[in-house]
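Each remark here refers to the structure printed beneath this line.
We did not get these values from a lab; they are worked out from the coordinates using the rules stated. All values derive from a computational prediction rather than experimental measurement. Backbone-built Cβ (ideal geometry, glycine too); neighbour counts: all protein chains shown.
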Amino acid sequence: MSRLHLSNTSTATTCDDFELQRLVVLNEETEDSPIFHQPKLKTCQFKWMAEIDPTALAAYRYVGVLLPAIPVVLYKQEPVIPKGKCMVLILRCFTGTMSLMLSFYAFRHMSLADASVIIFSVPVFTAIFARMFLKEPCGIFTVFSIVLTVIGVIFIARPSFLFGSMINSLGNSRGELEIWGIVAAFSATLFGASIYVLLRALKGVHFSVLMSNFGAFALVQCLLISWWVGGLCMPPCGFDRLLIVALAVFSFSGQILLTLALQMEQAGPVSIARSADIVFAFIWQVLFFEEVPNRYSVTGAVLVLTSVILTGMRKWAIALPETSSLKHKLKIFTK
């Protein structure tokens, strides 16, 4: 993406909260659980901070990832770079950083709800990556969820060659930047899905090691890109700085609550609960930004939400013990 498109942008979602969530799931041996995570109050803060470059916002965000992880690494006396995992760790850090920055860009140039729906489809696209790289099964149910998601995203993007010239597609109403916004949202989704494959390769590495490396790498990457595009600056005094503090508080709280939820409950039910984020995205969009979604966006959101819920139900059914009566009732979801 060019310097022009990267500069003067400023908002986003938090694609990397899904870091701790995945680590807990993998440590608990509940496989195949790419739950996507975006606390919508944080998204609103990104949306409000329209004068701050998204790469600078990402840098502030990663300070909050790095600082809490350092004491844990020192306390656990874990090796900072696990033996034989260096390249995989670098790839994980790079993909996570790109996913977050592209999400910022998408939220800057798309409506809150539309960008949320596309980015929230990560669990479905992860199934494709898991099949390609991990040779995990991809049955009829998974294919159905993928098709539902693709149809839902088409309703949101509304390409003119399918919907005709009478219906505005993304980009027609607000110009070229909105087209780049949807490209960024798709790219963020693909980067986010690839994180699952990389974290599987890093299974067994302590979460503090992943978090500290991720935070340090991402902070440097964001600072360099922010400097390159001319967006590196301190936020103005007043409301923006308060929003950054609130961002840090909500980010840290969201990671803790998500981790606790995954420790106390299986991945499937948690992912279903997290799918409520799409609903909140529409509520916040209308409540805070006075943007009323059209019927096509709502239809697309319903399709993607259904797909995510079905994916969560499948993960829940697979994770249940064979002796569970509930597993037999949910047998249809395991196909």
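Judged by the mean number of other Cβ atoms found within 10 Å, the most tightly packed of the peptides 294-302, 101-109 leads the ranking 101-109, 294-302. P(r) tail for region 176-218: Cα pairs beyond 17 Å make up 50% of the total. Across all Cα atoms of region 57-149, the radius of gyration (one decimal) and Dmax (whole number) stand at 17.4, 46 Å. Amide H to amide H, with H built 1.01 Å from N, Glu136 comes under 5 Å of Arg131, counting only residues 5 or more places away or on other chains.
Anything over 20 Å Cα to Cα? Flag those among Lys203/Lys331; Lys135/Lys329; Lys76/Lys203; Lys83/Lys135; Lys203/Lys335, in the order listed.
Numbers: Lys203/Lys331 28 Å; Lys135/Lys329 27 Å; Lys76/Lys203 17 Å; Lys83/Lys135 25 Å; Lys203/Lys335 26 Å.
Among Lys203/Lys331; Lys135/Lys329; Lys76/Lys203; Lys83/Lys135; Lys203/Lys335, the Cα-Cα distance tops 20 Å for Lys203/Lys331; Lys135/Lys329; Lys83/Lys135; Lys203/Lys335.
Packing-wise, with mean Cβ within 10 Å as the measure, how do 199-210, 83-94, 57-68 rank, highest first? List each step's numbers first, then the result.
Values: 199-210: 18.1, 83-94: 15.1, 57-68: 21.0.
Result, highest mean Cβ count within 10 Å first: 57-68, 199-210, 83-94.
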